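S.K.: The structure under discussion is supplied below as structure tokens; questions concerning it will follow.
The values are calculated or read from the model by the stated rules, or taken from the named source; none is laboratory data. All figures in this text were calculated on a predicted structure; none of them were measured in a lab. Glycine also receives a Cβ, built like all others from the backbone with ideal geometry; neighbour counts cover every protein chain displayed. For accessibility, only protein heavy atoms count, side chains too; no ligands or nucleic acids. Shrake-Rupley method; radii C 1.70, N 1.55, O 1.52, S 1.80 Å.
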Amino acid sequence: MKTKFKKLAMLVAFAAVLTSCSSNDKSYEKEDFLDGYLIASGFNASSTNFINSGSYEFGLEFTPLVTGKITTLKVKLPDVNSALKITIWDKAAGTPLKTETVNYATANILTVFDVEDLALIKDKQYAITFNSNDWYKRNKADSSNATYPMTVGNIKIDAYKWVSGSTQTYPTNISNNYYAGDLTFDFQQTQ
């Protein structure tokens, strides 16, 4: 009986060693770039609330520095919007990869929306935008331009862009002396 038990114990230990050696799974923390971007850009000095101020499609072009995925979308606005459209774009094609229409129900509160994971490829350029007539406009204290690109964790922020109108259109105008938002996401490295 002792021999069988010893053999069983050795098999279990051997299986545990094989499992730990063959497992390539790594657990990566989720990252949110927005606070780091506001600090790096200097756009955390002052902000102005705009409510019902004309519709725009606006947001940030970005490049993941590692392969990963978007797991949640996050937004904070100075007014409610029951049908806020948030889009992740393929920059090169100028086409939407994912569009989520969310109910932003409480003004001035950062709200997290769980979404189906969206895989992002290392060094591929994307954009995250939303279409709204409400936003925070953030400037530097001296109203000077920010210098792009800037890196926050595993996300490189390439540009802030906007376009006027209420239709889902890839933004073409660049502004370096302010940021309008707030829009971000949780990013999790996968390899």
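S.K.: Which residue, 78, 111, 187, has the largest displacement toward the positive end of the dipole of the chain when charges sit on each Cβ (Lys, Arg +1; Asp, Glu -1)?
M.R.: Farthest towards the positive end: 187.
S.K.: Once you've got the GNM for the chain with C-alpha springs shorter than 10 Å, pick whichever of 32, 134, 142 has the biggest mean-square fluctuation.
M.R.: 142
S.K.: Evaluate the relative contact order of the chain (contact order divided by residue number), counting alpha-carbon pairs under 8 angstrom at least 6 apart; express in whole percent. Spell out each step's value before the answer.
M.R.: Working: 443 pairs, mean separation 67.9, N = 191.
Reported relative contact order: 36 percent.
S.K.: While we're on this one: How large is ³J(HN,Hα) for each residue in the range 34-42, as worked out from phi by the Karplus curve 6.51 cos²θ - 1.76 cosθ + 1.60 (θ = phi - 60°), to whole Hz, x for Gly and Pro?
M.R.: Once θ is set to phi - 60°, the couplings for the range 34-42 become 4, 4, x, 5, 4, 6, 4, 7, x Hz.
S.K.: Here's something else I'd like to know. What does the charge add up to near residue 161, with Lys and Arg as +1, Asp and Glu as -1, over the other residues with Cβ less than 11 Å from its Cβ? The partial results should precede the final answer.
M.R.: Numbers: positive: 91; negative: 57, 61, 158.
Counting the neighbours of residue 161, the net charge comes to -2.
S.K.: Pop a pseudo-label 7 angstrom from the Cα along the beta-carbon direction at both residue 167 and residue 80 and give the gap in nm to one decimal.
M.R.: That separation, rounded to one decimal, is 3.0 nm.
S.K.: If one computes the Cα centroid of the range 94-110 and of the range 158-191, what distance in Å separates the two points?
M.R.: 12
S.K.: Report which label in (i) 42, 18, 16; (ii) 25, 21, 15; (iii) 36, 19, 15 holds the value of semi-axes √(5λ) of the Cα gyration tensor in Å derived from the coordinates of this structure.
M.R.: Computed from these coordinates, semi-axes √(5λ) of the Cα gyration tensor in Å corresponds to label (i).
S.K.: Counting only protein heavy atoms, what percent of the accessible surface of the chain is carbon or sulfur at a 1.4 Å probe? Present the calculation step by step, with values, prior to reporting the outcome.
M.R.: Working: 5270 of 10170 Å².
That share works out to 52 percent.
S.K.: If you don't mind, another one. For residue 77, list long-range residues whose amide hydrogen, built 1.01 Å from N in the peptide plane, is under 5 Å from its own amide hydrogen.
M.R.: Amide H neighbours of residue 77, under 5 Å, 5+ apart: 108, 109.
S.K.: Quick one: putting +1 on the C-beta of Lys and Arg, -1 on the C-beta of Asp and Glu, what dipole do you get for the chain around its Cα centre, in Debye to the nearest 20?
M.R.: Values: 19 positive and 19 negative charges, 203 e Å.
In total the dipole reaches around 980 debye.
S.K.: Determine the alpha carbon to alpha carbon distance for each of 122/156; 140/161; 30/74; 122/161; 30/91 and list only those over 19 Å.
M.R.: Numbers: 122/156 11 Å; 140/161 17 Å; 30/74 13 Å; 122/161 21 Å; 30/91 23 Å.
In this structure, 122/161; 30/91 exceed 19 Å between Cα atoms.
S.K.: How large is ³J(HN,Hα), in whole Hz, for each residue of the range 139-147 in order, when computed from phi with the Karplus curve 6.51 cos²θ - 1.76 cosθ + 1.60 and θ = phi - 60°, using x for Gly and Pro?
M.R.: Per-residue couplings from phi come out as 10, 7, 4, 9, 6, 7, 7, 7, 9 Hz.
S.K.: Count neighbours as other Cβ atoms within 10 Å of each site's Cβ, and list the trypsin sites (Lys or Arg not before Pro) in the range 70-165 that are DSSP loop with at most 16 such neighbours.
M.R.: Working: sites: 74, 76, 85, 91, 98, 122, 124, 137, 138, 140, 156, 161; in loops: 76, 91, 122, 124, 140.
Answer by residue number: 122, 124.
S.K.: Given a 1.4 angstrom probe, what's the average accessible area per residue across the chain, in square angstrom?
M.R.: Numbers: 10170 Å² over 191 residues.
Each residue of the chain exposes 53 Å² on average to a 1.4 Å probe.
S.K.: Now a separate question. Over the range 59-152, what is the mean sequence separation of C-alpha contacts under 8 Å (at least six apart), divided by residue count, expressed as relative contact order in percent?
M.R.: The normalised contact order for the range 59-152 reaches 41 percent.
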